[in-house]
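All remarks here apply to the structure that follows.
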Amino acid sequence: QKEVEQDPGPLSVPEGAIVSLNCTYSNSAFQYFMWYRQYSRKGPELLMYTYSSGNKEDGRFTAQVDKSSKYISLFIRDSQPSDSATYLCAMSEGAQKLVFGQGTRLTINP
Amino acid sequence: GAVVSQHPSRVICKSGTSVKIECRSLDFQATTMFWYRQFPKQSLMLMATSNEGSKATYEQGVEKDKFLINHASLTLSTLTVTSAHPEDSSFYICSAMRREVETQYFGPGTRLLVL
């Protein structure tokens, strides 16, 4: 079993839809949780960063962490074609070595 | 803030040659930098962790004599792929850790093609 599980998709939704992406993990020592967006042939870009449990909102993006269930989510509201990318969850115990999910390929159709 | 650059963005070389990739944190100091490798449609695989002024820590299965890492300053780390072979062709990405927020910021990546 992988430490971090993420459905690779692909996921395709119409423009304006709410997108829900999620990851599950097995290591209860993880404290730092991140979502990165990666466009084709580019490096990952940090979208959201959360320490421990809770919700965090930034514009159209909301990140949720449920440590009791070992489950994290990223919601994208009013999705746009420019949101089409691969979304990677990542987490770590002590903000050093990141463990990544496989990444979910998302396409927003105009 | 938190910009990380990589150079070159793309390199093609002949088998047996060495290639150096630079990673720079442009607007912050990074005591720790990381080097990753990514194959098509796969996630990032950590190769090594590089701390300024000390030897890099390599992940299991990564040959330290083949992938030489130097972290000479708080804003620069280099990865040298020595005696490159076609199987070394990949997308190499560095990241730099910003201590204040304890998270990693990634460079744009370097695509290496070994002929």
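Inclusion of residue B:72 among residues that are under 16 Å from residue A:43 (Cβ atoms), out of contact with any Asp or Glu (no Cβ under 7 Å at 6 or more places or on another chain) and either more than 10 Å from every other protein chain (Cβ to nearest Cβ) or of a type in the set (Ser, Thr, Tyr) (or both) is not warranted. Every listed requirement among (1) within 19 Å of residue A:41 (Cα to Cα); (2) touching a Gly at 6+ places or on another chain (Cβ under 6 Å); (3) away from chain A (no Cβ under 14 Å) is met by residue B:12 save one, (2).
Taking the criterion of being assigned to a strand (DSSP E or B) and without any contact (Cβ under 8 Å) to a residue 60 or more places away in the chain, the residues of the range B:90-115 that qualify are B:90, B:91, B:103. Is it true that residue A:63 is surrounded by 14 or more Cβ atoms within 10 Å (Cβ to Cβ), closer than 22 Å to residue B:107 by Cβ and small (Gly, Ala, Ser)? In short, no.
Taken over the range B:81-115, the criterion of being within 14 Å of chain A (Cβ to nearest Cβ) and among the charged types (D, E, K, R) is satisfied by B:98, B:99, B:100, B:102, B:111. Just one of the listed residues (A:15, A:3) is closer than 14 Å to residue A:98 by Cα, surrounded by fewer than 16 Cβ atoms within 10 Å (Cβ to Cβ), touching a strand residue (DSSP E or B) at 6+ places or on another chain (Cβ under 9 Å) and acidic (Asp, Glu), and it is A:3. Once the range B:5-37 is narrowed to residues that are closer than 23 Å to residue B:88 by Cα and among the β-branched types (Val, Ile, Thr), the residue that is surrounded by the most Cβ atoms within 10 Å (Cβ to Cβ) is B:21. Each residue in the range A:18-32 was checked for being surrounded by 15 or more Cβ atoms within 10 Å (Cβ to Cβ) and either modelled with pLDDT under 95 or among the acidic types (Asp, Glu) (or both), and 3 of them qualify. Considering only the range B:33-47, I want to know if a residue exists there that is more than 9 Å from chain A (Cβ to nearest Cβ), modelled with pLDDT of 90 or more and assigned to a loop (DSSP other than H, G, I, E, B). No: the range B:33-47 contains no residue that is more than 9 Å from chain A (Cβ to nearest Cβ), modelled with pLDDT of 90 or more and assigned to a loop (DSSP other than H, G, I, E, B). For the range A:46-92, a tally of residues being within 14 Å of another protein chain (Cβ to nearest Cβ), among the polar types (S, T, N, Q) and touching a residue at least 40 places away in the same chain (Cβ under 8 Å) returns 2. Comparison of B:52, B:87, B:63 shows that the only residue that is over 24 Å from residue A:91 (Cβ atoms), surrounded by 14 or more Cβ atoms within 10 Å (Cβ to Cβ), without any contact (Cβ under 8 Å) to a residue 40 or more places away in the chain and not hydrophobic (A, V, I, L, M, F, W, C) is B:52.
The values are calculated or read from the model by the stated rules, or taken from the named source; none is laboratory data. Just so you know, these numbers come straight off a predicted model, no measurement behind them. Neighbour counts are summed over all protein chains in view; Cβ atoms, including those assigned to glycine, are modelled from backbone coordinates with ideal geometry.
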